[in-house]
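Take a look at the structure below.
Bear in mind these aren't lab numbers, they're just calculated from the coordinates by the rules spelled out. Since the model is a prediction, treat every value here as computed from it, not as a measurement. No Cβ is skipped: glycine too gets one built from the backbone with ideal geometry, and neighbour counts run over all protein chains shown.
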Amino acid sequence: MVGNPDNRRVRLFLDAVRAAGLPAPHVVPWHTVAAGAPFGFPAGSLVRIDSPGEDPEVDRLLRGAAEPARHGEIIGLRSWYHGFNRALARVADTAARDGATLLHDPAEIAVLFDKSRCHARLSAAGVAVPPVLPVQEFDTAVELDVRQAAGQEFGRVEGRPRGSVAGPHAAGAWAALRAAMRDVGWHRVFVKTRHGSSSSGVLAVQVAGARCQAVTSVELAADGLFNSLRVRTYTAERDVAAIVERLAPEGLHVERWFPKVGFGGRTIDLRVLVIGGRPAHTVVRASRHPMTNLHLGGVRGDLAAVRAAAGPHWSAAMDSCAAAAACFPGSPHVGVDLMFGPGWRRHAIAEVNAFGDLLPNLLHDGRDAYAAQLAALALAGAAPQPAAPPCSGGAQRLAAAGSAGDTITACAPHHVRCGHITGGVTAAAMDSANRSAVAPGREGDR
Ligand SMILES: Nc1ncnc2c1ncn2[C@@H]1O[C@H](COP(=O)(O)OP(=O)(O)O)[C@@H](O)[C@H]1O
Ligand SMILES: [Mg+2]
């Protein structure tokens with residue numbers, strides 16, 4: 001596998017491999033790939049690609065920067081994306097040279113790390129997604145993330161992604177955004193960095209006449225933008241404009257705000273891990289903020305209760321998750337962020353993640369996310385059949401994790417700055433330590 005060897009993603013996958021009685025995989029560090037150092041794969045091997053995230057040195061190498069980013073700083077997302085594409089190309093070339101088979105199509109990973117292209121692909125396939133802000137000037141400003149090294153174009157764009165703001169228009173980005181919102185009559189949008197994850201550079205923006213408000217985990221500092229664990233609300237237009245214009249050179253993706261259903265006094269959405277085309281491990285993420293990411297204080301909600309509340313609408317939403325995954329047939333698993341609207345009748349997909357499978361201690365049909373992937377691989381005839389785990393109950397449940405069987409361990413990206421909490425912490429711990437004073441006036445984020 002290719003991964004960051006010290007990261008728990010790799011540890012948990014190796015644990016699952018061991019538990020299945022399979023031989024320990026050879027791990028190629030992303031650091032080696034990103035540094036341009038030589039590496040190889042055993043002939044005939046299957047290669048799993050895992051996240052390069054949560055490693056400041058790998059991040060520095062992928063950005064091609066001289067210095068690591070300052071703690072929490074939002075910097076060089078576009079450079080990172082180019083570097084990641086180059087690293088993926090090295091992995092693909094090496095696999096071809098050594099006669100190894102990639103389990104993931106790197107070109108699909110490249111699309112999944114570009115929210116505009118991912119959205120365009122889902123939309124073209126008729127998958128329910130929030131509409132993007134139709135801004136002609138933004139379309140023409142798109143600088144395509146094309147790389148052609150190694151004879152491969154991982155950055156190729158299908159169609160023209162709309163709703164993307166690129167560098168040249170950065171200075172006027174906020175004004176253009178407001179004008180475009182006015183033109184189409186939208187008062188609420190989600191502004192996202194194209195290559196961001198974990199809510200990095202995501203703003204939930206509302207305008208009303210001359211007033212505006214942005215809810216975000218972005219901290220606007222004199223010396224830059226930083227990810228914070230504290231979700232805050234900016235109400236001064238100059239602050240919102242400053243954030244948008246500083247983010248714009250990294251590429252922005254702007255969508256209409258899809259009102260999310262409220263449940264138990266919180267706004268919810270779901271992370272649905274689709275393995276081998278079938279929706280499997282599912283987590284309800286419940287938050288007091290419009291962003292439900294667990295490291296921002298989101299907590300796990302009651303899946304059975306949500307499913308019951310969704311009633312007849314549940315299966316259509318699962319079909320959408322499967323349809324979203326089907327847009328990425330070369331990806332053995334994807335993590336789909338699914339939103340239900342108030343009343344459950346409508347749903348939309350916020351994004352699809354290439355590495356959305358870090359769901360520690362969550363069982364589905366008695367298997368955790370990694371064991372389930374190994375089983376799916378075996379069924380596909382690509383790997384030896386792993387032994388079935390002893391605890392198979394059909395229903396999804398959490399394995400007791402220490403004293404808090406009800407907590408999912410949230411993954412705080414290394415680039416989040418958060419006062420005292422810097423590593424992976426439990427969602428519950430984050431919730432109490434970092435709860436924002438901002439609370440929605442009504443249930444959900446209508
Ligand atoms: N169009 C939208 N309308 C309402 N909420 C959204 C929308 N897009 C994203 N969100 C919320 O914002 C959060 C982060 O957005 P997402 O697209 O998943 O990016 P990230 O890669 O940062 O996780 C999610 O929790 C999701 O619920
Ligand atoms: Mg997400």
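Specify the inter-centroid distance of segment 222-240 and segment 72-114, based on alpha-carbon positions, in whole Å.
31 Å
Please arrange HIS71, HIS281 by counting, for each residue, the other beta carbons lying within 10 Å of its beta carbon, fewest first. Present the calculation step by step, with values, prior to reporting the outcome.
On the way: HIS71 14, HIS281 24.
Sorted ascending by nearby Cβ count, the order is HIS71, HIS281.
Please identify every one of the trypsin sites (Lys or Arg not before Pro) in segment 68-108 that sits in a loop by DSSP and has no more than 16 other beta carbons within 10 Å of its own beta carbon.
Numbers: sites: ARG70, ARG78, ARG86, ARG90, ARG97; in loops: ARG70.
Passing sites in segment 68-108 are ARG70.
Convert each backbone phi in segment 242-254 into a coupling constant with the Karplus relation 6.51 cos²θ - 1.76 cosθ + 1.60 (shift: θ = phi - 60°), then list the ³J(HN,Hα) values in order as whole Hz, x for Gly and Pro.
Those phi angles translate into 4, 5, 4, 6, 6, 7, 3, x, 7, x, 10, 10, 10 Hz.
Non-local amide H neighbours of LEU102 (under 5 Å, H modeled in plane, Pro and chain starts lacking H): which ones?
When sequence neighbours closer than 5 places are left aside, the close amide H contacts are VAL47.
Collect residues whose amide H, placed 1.01 Å from N in the peptide plane, falls under 5 Å from the amide H of ILE74; neighbours closer than 5 in sequence don't count.
Answer set, sorted by chain and number: LEU225, PHE226, ASN227.
From the backbone phi of segment 313-324, what are the Karplus-calculated ³J(HN,Hα) couplings (6.51 cos²θ - 1.76 cosθ + 1.60, θ = phi - 60°) in whole Hz, Gly and Pro given as x?
Calculated HN-Hα couplings, in order: 8, 4, 5, 5, 5, 5, 4, 5, 4, 5, 5, 5 Hz.
Which order do peptides 234-245, 329-340 fall in by mean Cβ count within 10 Å, highest first? Please report the intermediate quantities before stating the final value.
Working: 234-245: 17.1, 329-340: 21.5.
Top to bottom by mean Cβ count within 10 Å: 329-340, 234-245.
Spelling out what I want: for every residue of segment 16-25, take phi, set θ = phi - 60°, compute 6.51 cos²θ - 1.76 cosθ + 1.60 (Karplus), and round to whole Hz; glycine and proline get x.
Listing the rounded values in order: 5, 5, 4, 4, 7, x, 9, x, 5, x Hz.
Mind jotting down the distance between the C-alpha centroids of segment 180-216 and segment 260-323, whole Å?
Using only Cα atoms, the two centres lie 22 Å from each other.
Within a 10 angstrom radius of the beta carbon, how do SER320, SER315, SER45 rank from fewest other beta carbons to most?
Numbers: SER320 22, SER315 12, SER45 16.
By the 10 Å Cβ count, ascending, the order reads SER315, SER45, SER320.
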